[in-house]
Amino acid sequence: MSSILLGLAALAASVNAHGHVSGIVADGVYYGGADPSYFYNAANAPENVGWAASNQDNGYVGGDQSTYDSPDIICHKEAKAGAAKATVAAGGTIEFQWNTWPESHIGPVITYAANCGGDCTAANKEELKWVKIDAKGLEGGKWAAVEMIANNNTWATTVPSTLAAGDYVFRHEIIALHSANNANGAQNYPQCVNVEVTGSGTENPEGTVGTALYTATDPGILYNPYGGATTYEIPGPALFGEGAGSGSAPAPAPSSSAAAPAPSSAAPAPSSAAPSAAPSVSAAPAPSASQPATQPKPSTLVTSSKPAPTSGSGSGAAVAKYGQCGGKEYTGATSCADNWTCKEQNPYYSQCVESA
């Protein structure tokens, strides 16, 4: 019995090692995202806006060129289109809510949009062409992923006001760079959701197919984040129009709209119903000229509806799969769960990897 419990604990820790988008808030309305645990039980999965993928371990794709050339880089492993869609006005805001994210996984946060030219629930991901509408990397010594963690694991993207109305797939992504100073060391975490954009915008820019977004040797993919790095070149195509610098962590403001509940192991709510409780977020710095105005927030605030972010390991517990297990100034656990091996990626970071 004890071995079973230990196994379950290790599995739970591995699932929490990285993260996925558990839901979004589009113009103040909450929509559930895909729950990876339903990937092999699609018949019982609730309809939601997120693309389902086989990332039950909250793991990554990318790093090596063969993966960047693979359809898995588009919306994650074996991703299938969501059955529902959210709605947002051009010029409005979408908040992407991650269930968790480890502090060690520093890197940029990027959002793309691809016009489906019709119903996105039947879209062929390999034909979608992606336009980068939001990107933030290293600014003032702080990584965008760390900023996202500090704001309740939530990232807000402003939809360009000139974007043409239509059905889109939004591709939201964090690229973890903690091992990117090694060849094939970058880790991509793409997450896709279906969104209908409304309004009078007329721009429908030509995008880039997902398998051409990155190469393994791009300056923002093969990159050393250590040793006092102060600059970073965000990989991928150029940023579209007014979306430049639009990404930010949201600051709270009153609103009558409903927002998301805290993530849990329960199935996400269908997109037609909005949960009643709102997550608390930390106040973000006042937006600069390159940042959007703060979007409306729910009126009912609670002290905290998500657990405080952690690195996923304690001094007395086994480190989860793919978690940090060593490095300069690291003080956490050094033994890996499930007999995985703690492998040095660089002097600042060692990671639990599958034993050879």
| request: Filter the range 1-33 down to residues that are part of a loop (DSSP other than H, G, I, E, B), at pLDDT 90 or above and not acidic (Asp, Glu), then give me how many there are. | output: 4
| said: Yes or no: the range 101-114 includes at least one residue that is of a type in the set (D, E, K, R), touching a strand residue (DSSP E or B) at 6+ places or on another chain (Cβ under 7 Å) and within 28 Å of Val319 (Cα to Cα). | reply: no
| field | Flag if Val197 is within 28 Å of Val25 (Cα to Cα) and more than 20 Å from the chain's Cα centre (by Cα) | value | yes
| query | For the subset of the range 48-67 comprising residues that are at pLDDT 85 or above and touching a Gly at 6+ places or on another chain (Cβ under 8 Å), which member is surrounded by the most Cβ atoms within 10 Å (Cβ to Cβ)? | reply | Val49
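Which one is farthest from Val159 (Cα to Cα) among residues in the range 126-147 that are in a strand (DSSP E or B) and β-branched (Val, Ile, Thr)? Can you show your working first?
Taking the range 126-147 and keeping what is in a strand (DSSP E or B), we get 129-136, 138-139, 142-143.
Pick out the ones that are also β-branched (Val, Ile, Thr) and you get 131, 133.
Values: Val131: 11, Ile133: 7 Å.
Here the answer is Val131.
The values are calculated or read from the model by the stated rules, or taken from the named source; none is laboratory data. Bear in mind that the values here come from a model prediction, so they are computed numbers and not experimental data. Note that each Cβ is placed from the backbone with ideal geometry, even for glycine, and that neighbours are counted across all protein chains shown.
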